[in-house]
Amino acid sequence: MILQTNPAPNVKPTWRFILAHPARFLAFGFGSGLSPKAPGTFGTLVAIPLYALLIALLPEPMVWGAIVVMCIAGIWICDVAGKALGVADHGGIVWDEIASFCIVLAVVPKTPLWWAIAFGLFRLFDIWKPFPIRQLDARTHSGLGVMLDDVLAAGYSVVCCLVLMQLNLLG
């Protein structure tokens, strides 16, 4: 269940704002979402050390479990931050990129080349929003909508990476 609160007027996020609530801190990707340029890209980059930490500490099935928890919790995290800002899908909310990119990282080989390819594909699909991502993004609001378009972008990225891996063009 998503908490219903009166949305705030458009609030300019600051360090003070994001540190005032744990969900805001996570939603803004530990501060990466405060980047004045390309916060989604910086948020996606935050997923790399976070995922590296997960694979260093957990066995693979638990890594997948952690990613699922990150995505489900992301609905609430993004909803709380969006309501506090008065904008459901504020550009600085990057938890959706972080959690969703971890899905892609979990599928590709654990090499810098594959992580770079995965990053490029994920950013492409997250920005481009091919069918049906753009349509769902326009119709689905709140934390669910914020998370859904990035999970779908991750799905497109995974399919492309699996095709590339099957073709074995990149080693």
Determine whether segment 128-148 contains at least one residue that is closer than 17 Å to Thr111 by Cα, of a type outside the set (Asp, Glu), out of contact with any helix residue (DSSP H, G or I) (no Cβ under 9 Å at 6 or more places or on another chain) and at pLDDT below 95.
-> no
Take the residues in segment 21-48 that are free of Cβ contacts under 8 Å to residues at least 24 places away in the same chain and within 18 Å of Val80 (Cβ to Cβ), then tell me which one is farthest from the chain's Cα centre (by Cα).
-> Pro22
Using beta carbons and a limit of 7 Å, which pairs, at least six apart or on different chains, have the first residue in segment 111-123 and closer than 22 Å to Asp149 by Cα and in contact (Cβ under 8 Å) with a residue 24 or more places away in the chain and the second one surrounded by fewer than 19 Cβ atoms within 10 Å (Cβ to Cβ) and polar (S, T, N, Q)?
-> Arg123/Thr41
Scanning for something outside any helix (DSSP H, G or I), over 21 Å from Asp137 (Cβ atoms) and either touching a residue at least 60 places away in the same chain (Cβ under 8 Å) or of a type in the set (A, V, I, L, M) (or both), does segment 61-82 turn up at least one residue?
-> no
Residue tally, condition part of a helix (DSSP H, G or I) and surrounded by fewer than 16 Cβ atoms within 10 Å (Cβ to Cβ), over segment 128-143 | 6
Going through (1) closer than 28 Å to Leu19 by Cα; (2) of a type outside the set (Phe, Trp, Tyr); (3) assigned to a helix (DSSP H, G or I); (4) in contact with a Pro (Cβ under 9 Å, 6 or more places away or on another chain) one by one, His90 fails only at (3)
Using the structure shown, decide if Leu124 is more than 25 Å from Thr14 (Cα to Cα), part of a helix (DSSP H, G or I) and not charged (D, E, K, R).
-> yes
Residues that are within 16 Å of Tyr51 (Cβ to Cβ) and touching a Cys at 6+ places or on another chain (Cβ under 9 Å), drawn from segment 110-141 | Trp114, Ile117, Ala118, Leu121
Which residues, taken from segment 144-171, are exposed (fewer than 12 other Cβ atoms within 10 Å of the Cβ) and outside any helix (DSSP H, G or I)?
-> Asn168, Leu169, Gly171
Within segment 95-121, how many residues are over 9 Å from the mean Cα position of the chain (by Cα) and part of a helix (DSSP H, G or I)?
-> 15
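The values are calculated or read from the model by the stated rules, or taken from the named source; none is laboratory data. Remember, predicted model here, so these are calculated numbers, not experimental data. Every residue, glycine as well, gets a Cβ built from its backbone with ideal geometry; the counts of neighbours run over all protein chains shown.
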